[in-house]
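Rule-based calculations on the coordinates, nothing more; no lab input. Predicted model only: the values in this text are computed from it and were never measured. Here the Cβ positions follow ideal geometry from the backbone for every residue, glycine too, while neighbour counts run over all protein chains shown.
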Amino acid sequence: MKRYTEPHKTGLSKQLMSLMEEEDDVEEEEFEVEKILDRKYEDGQLNYLVQWKDYDSSFSTWEPITNLLHCQDKIKEYEDKKKEEEDVDVLMTRSQQ
């Protein structure tokens, strides 16, 4: 699995900075993407809702795609699943007509 090693760019790091400051021996925290939960466009920029491995959903954060270049496999999984759901919705709608 690929690791996200730039916590200063994530919303997660902002939430954890106060916790990390208490630990003197922490030089660099690594965050791993567990899965992508959703997507949205904000100010013309694509953002994904990220579930971080080993953290509960309250720590999920919206991240711009530029911060997620390391986890293209997770994005592809999400997009493939989303397309399948949309295809099923179209078929269901057509069958009800």
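Looking at segment 23-97, which GluC sites (Glu not before Pro) are DSSP coil and have at most 10 other C-beta atoms within 10 Å of their C-beta? Walk me through the numbers before you get to the answer.
Numbers: sites: 23, 27, 28, 29, 30, 32, 34, 42, 77, 79, 84, 85, 86; in loops: 23, 27, 28, 29, 30, 32.
Sites meeting the loop and neighbour criteria: 23, 27, 28, 30.
Fewest first, what order do 88, 50 take by the number of other Cβ atoms within 10 Å? Before the final figure, lay out each step's value.
Values: 88 10, 50 28.
With the sparsest Cβ surroundings first, the list reads 88, 50.
Arrange the following residues from fewest to most other Cβ atoms within 10 Å of their Cβ: 55, 41.
On the way: 55 17, 41 8.
Going from sparsest to densest Cβ surroundings: 41, 55.
Separation between the residue 57 and residue 90 pseudo-spin-labels, each 7 Å from Cα along Cα→Cβ, expressed in nm?
With each label point 7 Å from Cα toward Cβ, the separation is 2.9 nm.
Using θ = phi - 60° and the Karplus form 6.51 cos²θ - 1.76 cosθ + 1.60, what ³J(HN,Hα) does each residue of segment 57-62 get, whole Hz, x for Gly and Pro?
Once θ is set to phi - 60°, the couplings for segment 57-62 become 5, 5, 9, 5, 9, 7 Hz.
Of 65, 75, 36, how do they rank once you tally other Cβ atoms within 10 Å and put the fewest first?
Numbers: 65 13, 75 18, 36 22.
In increasing order of surrounding Cβ atoms, one gets 65, 75, 36.
Through the Karplus equation 6.51 cos²θ - 1.76 cosθ + 1.60, θ set to phi - 60°, convert the phi angles of segment 85-97 into ³J(HN,Hα) values in whole Hz; use x for Gly and Pro.
Once θ is set to phi - 60°, the couplings for segment 85-97 become 4, 5, 5, 5, 4, 5, 5, 5, 5, 5, 6, 8, 7 Hz.
Please list, in order, the residues from segment 54-73 whose amide nitrogen is less than 13 Å from a point placed 7 Å along the Cα→Cβ vector of residue 32.
Output list for this probe position: 54-55.
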